[in-house]
Amino acid sequence: MREHAALLEDLRLIRGVTGERVPESDVDRAWAKALQELKPRGSRRIPLVALAAAAVAIALIGGRSVLSRSPQLREVSTAAAQRAVVRLRDGTQVTLAPKSRVRYAADYGKAHRDVYLDGEAYFQVARNERLPFRVHTVATLTEDLGTAFVIRAYADQIATEVVVAEGRVALWRARPDTIAVEAQPALVLGARDLGQLGASGAATLRRGVDVDRQLAWTRGVLAFDGTTLREAVRTLGRWYDVEIRLDDADRALGGRRFTATFTNEPIDLVLQRIALTLGLSVERADGSVFLLRNGR
C-alpha cells in the first residue's frame, strides 16, 4: 500500500486522476482508478498535445506512458504513437517524442540536475546558475544553465543531434563505459544552431536552422525538411506504430530526400503523399506493414 501511495503521488495530476492528496485509506481505490485511466487507446493518427503543470507531473498525449520508481532512478517512457510531457520539480519541462525514455534521480534538483535520455525530447529548462542542467545519452552529454533545446538520440542513429531554440548549450562526447566526458566540449551551440556529434567524436554544425520546423513535433506536427526517406520511415514508424520497409532491390531509395508537413493525417495518406512526391508505389502487406518501391 505504501508503494502504491508513493507512486500515486507522481501520477496525481495525470489526466486529473485525483484532485487532492489521497488519504491512506483510499490508496488502493485511487490506484485502481489510475491504472484504469492509463489504459492505451488505439489510433493511427498523430496524438494532439495536452500540457499539465505540477511539482512532478506527467501529461499523457494519445496513449500510455510509464512512470516507474526504483531506489536509484525514476523513469518516464513513451510507446510508439504516443508522447508525454513531464514537469520536473525545478520547473523544467520535458516533452518526450514517441518511443523515448527519460530517467532522473528521486533527489533531482537538490544537489544536481542530471537526466538520462533514450530517444528524442524537447527540454525547456528552468534557469539555475548554481546547478547546471545536464542531459546524458549513450554517447554524449549536453549541458546548459537555462534554455530550450531538442535532443535526438535514438539507438538507430549514428550521431546525437541537438537543436537549440533559446540560449546556449555545450555538447560533449561521453567516454565509453564511464560517466566522464572529454575535457573540452565538442560543440558550443547558440540559438538556431543544429549540432551533430557521433560516437567517434566527429562533429558538424549548421547555423540558422528553422527552429519552428524542428519543434513542430511537440505540437503534433511532423515536418520533414530535405529529410532522407530512410530517416523519415523510421520516424513515421515510431509515430504511427507501423513497420515501413524500403524495396531492397533499390539501394539508393533510402537516400532520396523530400520536404513535407503532416498534421494528424492517417498513415495511409501520409505514405501516398510521399509516394506521389518521389514517384513511388505503396503496397500494404500484413496489417501494419507497408512497402515503398519505385514506380507507381
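The values are calculated or read from the model by the stated rules, or taken from the named source; none is laboratory data. Since the model is a prediction, treat every value here as computed from it, not as a measurement. Cβ atoms come from the backbone with ideal geometry, glycine included; neighbour counts cover every protein chain shown. When the accessible area is computed, the model is the full protein with side chains, heavy atoms only, and any ligands, DNA or RNA have been set aside. Shrake-Rupley method; radii C 1.70, N 1.55, O 1.52, S 1.80 Å.
Here are the numbers for the structure shown:
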{"quantity": "Criterion violated by Ala79 - all others in (1) under 23 Å from Pro185 (Cβ atoms); (2) among the aliphatic types (A, V, I, L, M); (3) out of contact with any strand residue (DSSP E or B) (no Cβ under 7 Å at 6 or more places or on another chain) satisfied", "calculated": "(1)"}
{"quantity": "Selection status of Phe290, under 25 Å from Glu161 (Cα atoms) and among the hydrophobic types (A, V, I, L, M, F, W, C)", "calculated": "no"}
{"quantity": "Any pair with Cβ under 7 angstrom, 6 or more apart, that starts in segment 183-205 at a residue that is on the phi > 0 side of the Ramachandran plot and ends at one that is outside any strand (DSSP E or B)", "calculated": "Arg192/Gly208; Arg192/Val209; Arg192/Val211; Gly201/Ala186"}
{"quantity": "Pairs with Cβ under 9 Å, 6+ apart, first in segment 206-227 and touching a residue at least 60 places away in the same chain (Cβ under 8 Å), second among the β-branched types (Val, Ile, Thr) and exposed (fewer than 15 other Cβ atoms within 10 Å of the Cβ)", "calculated": "Arg219/Thr263; Gly220/Thr263; Val221/Thr261; Val221/Thr263; Leu222/Thr261; Leu222/Thr263"}
{"quantity": "Criterion (touching a residue at least 24 places away in the same chain (Cβ under 8 Å), open to solvent by 10 Å² or more (accessible area, probe 1.4 Å) and not acidic (Asp, Glu)) met by exactly one of Tyr154, Tyr104", "calculated": "Tyr154"}
{"quantity": "Residue in segment 281-296 that is surrounded by the fewest Cβ atoms within 10 Å (Cβ to Cβ), counting only those that are free of Cβ contacts under 8 Å to residues at least 24 places away in the same chain and within 30 Å of Arg219 (Cβ to Cβ)", "calculated": "Gly287"}
{"quantity": "Search result, residues across segment 78-101 that are surrounded by fewer than 19 Cβ atoms within 10 Å (Cβ to Cβ) and not basic (Lys, Arg)", "calculated": "Ala79, Ala80, Asp90, Gly91"}
